[in-house]
Amino acid sequence: MSTVAYVFGLVAALVALAAIVELMRRTTLRERHAVWWLIGGILALIVAVFPQTLSWAAELLGVAVPANLIFFIAIGLLFLVSLQYGAELTR
(Lines give C-alpha, C1' and ligand atoms only; values in the text may rest on other atoms or scores of the structure.)
Protein backbone atom coordinates (compact mmCIF):
# COMPACT_ATOMS: atom_id res chain seq x y z
CA MET A 1 0.00 0.00 0.00
CA SER A 2 1.34 3.40 -0.91
CA THR A 3 1.90 6.07 1.69
CA VAL A 4 -0.66 8.36 0.06
CA ALA A 5 -3.37 5.69 0.21
CA TYR A 6 -2.50 4.91 3.83
CA VAL A 7 -2.68 8.56 4.90
CA PHE A 8 -5.89 9.13 2.90
CA GLY A 9 -7.58 6.16 4.56
CA LEU A 10 -6.48 7.31 8.00
CA VAL A 11 -7.64 10.89 7.46
CA ALA A 12 -10.98 9.75 5.98
CA ALA A 13 -11.67 7.49 8.97
CA LEU A 14 -10.76 10.23 11.44
CA VAL A 15 -12.94 12.79 9.63
CA ALA A 16 -15.88 10.37 9.63
CA LEU A 17 -15.51 9.72 13.36
CA ALA A 18 -15.12 13.42 14.08
CA ALA A 19 -18.28 14.18 12.08
CA ILE A 20 -20.26 11.55 13.98
CA VAL A 21 -19.06 12.82 17.35
CA GLU A 22 -19.75 16.43 16.36
CA LEU A 23 -23.31 15.56 15.26
CA MET A 24 -23.84 13.83 18.58
CA ARG A 25 -22.41 16.79 20.47
CA ARG A 26 -24.79 19.20 18.72
CA THR A 27 -27.65 16.76 19.43
CA THR A 28 -28.36 16.53 15.71
CA LEU A 29 -27.70 12.80 15.96
CA ARG A 30 -28.90 10.99 19.06
CA GLU A 31 -26.74 8.37 20.74
CA ARG A 32 -29.10 5.50 20.07
CA HIS A 33 -29.02 6.32 16.36
CA ALA A 34 -25.27 6.79 16.28
CA VAL A 35 -24.33 3.31 17.48
CA TRP A 36 -24.05 1.69 14.04
CA TRP A 37 -22.32 4.77 12.60
CA LEU A 38 -19.76 4.69 15.41
CA ILE A 39 -19.17 0.97 14.85
CA GLY A 40 -18.59 1.63 11.16
CA GLY A 41 -16.25 4.53 11.89
CA ILE A 42 -14.25 2.52 14.41
CA LEU A 43 -13.96 -0.40 11.97
CA ALA A 44 -12.78 2.02 9.28
CA LEU A 45 -10.19 3.46 11.67
CA ILE A 46 -8.92 -0.02 12.58
CA VAL A 47 -8.56 -0.96 8.91
CA ALA A 48 -6.90 2.40 8.17
CA VAL A 49 -4.35 2.00 10.96
CA PHE A 50 -3.76 -1.73 10.41
CA PRO A 51 -4.50 -2.44 6.72
CA GLN A 52 -3.28 -6.04 7.02
CA THR A 53 -6.30 -6.84 9.23
CA LEU A 54 -8.55 -6.51 6.18
CA SER A 55 -6.55 -9.11 4.26
CA TRP A 56 -6.49 -11.36 7.32
CA ALA A 57 -10.26 -11.09 7.84
CA ALA A 58 -10.95 -11.68 4.14
CA GLU A 59 -8.76 -14.78 4.15
CA LEU A 60 -10.38 -16.01 7.37
CA LEU A 61 -13.89 -15.61 5.92
CA GLY A 62 -12.96 -17.00 2.51
CA VAL A 63 -13.46 -13.76 0.59
CA ALA A 64 -11.22 -13.64 -2.49
CA VAL A 65 -10.90 -9.85 -2.76
CA PRO A 66 -10.55 -7.87 0.50
CA ALA A 67 -12.34 -4.86 -1.03
CA ASN A 68 -15.44 -7.04 -1.43
CA LEU A 69 -15.41 -7.61 2.32
CA ILE A 70 -15.47 -3.84 2.85
CA PHE A 71 -18.51 -3.53 0.58
CA PHE A 72 -20.27 -6.41 2.33
CA ILE A 73 -19.67 -4.92 5.78
CA ALA A 74 -20.76 -1.45 4.59
CA ILE A 75 -23.98 -2.83 3.10
CA GLY A 76 -24.61 -4.76 6.32
CA LEU A 77 -24.15 -1.65 8.46
CA LEU A 78 -26.41 0.39 6.19
CA PHE A 79 -29.03 -2.35 6.42
CA LEU A 80 -28.87 -2.25 10.22
CA VAL A 81 -29.18 1.55 10.24
CA SER A 82 -32.15 1.35 7.90
CA LEU A 83 -33.76 -1.34 10.03
CA GLN A 84 -33.28 0.74 13.18
CA TYR A 85 -34.80 3.83 11.56
CA GLY A 86 -37.71 1.78 10.25
CA ALA A 87 -38.38 0.42 13.73
CA GLU A 88 -38.24 3.95 15.16
CA LEU A 89 -40.68 5.27 12.58
CA THR A 90 -43.21 2.52 13.14
CA ARG A 91 -43.22 3.17 16.88
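The heavy atoms of VAL4 offer some 110 square angstrom of accessible surface to a 1.4 angstrom probe.
For the pair PHE50 and SER82, a Förster radius of 25 Å applied to the C-beta separation gives a FRET efficiency near 0.30, rounded to the nearest 0.05. Here the Karplus relation 6.51 cos²θ - 1.76 cosθ + 1.60, evaluated at θ = phi - 60°, turns the backbone of region 65-72 into coupling constants of 10, x, 5, 5, 5, 4, 4, 5 Hz, with x for every Gly and Pro.
Which residue fluctuates most in the GNM of the chain (Cα springs below 10 Å): VAL21, VAL47, VAL63? Result for the chain, Cα springs under 10 Å: VAL63 fluctuates most. Between LEU61 and MET1, the C-beta separation translates, for a Förster distance of 25 Å, into a calculated FRET efficiency of about 0.80.
With all distinct Cα pairs included, what does the Kirkwood hydrodynamic radius of the chain come out to in Å, to one decimal, could you say? 14.4 Å is the Kirkwood radius here.
The values are calculated or read from the model by the stated rules, or taken from the named source; none is laboratory data. Source: prediction; values computed, not measured. Note that each Cβ is placed from the backbone with ideal geometry, even for glycine, and that neighbours are counted across all protein chains shown. Accessible surface is based on the protein model in full, side chains and every heavy atom, while ligands, DNA and RNA are left aside. Shrake-Rupley method; radii C 1.70, N 1.55, O 1.52, S 1.80 Å.
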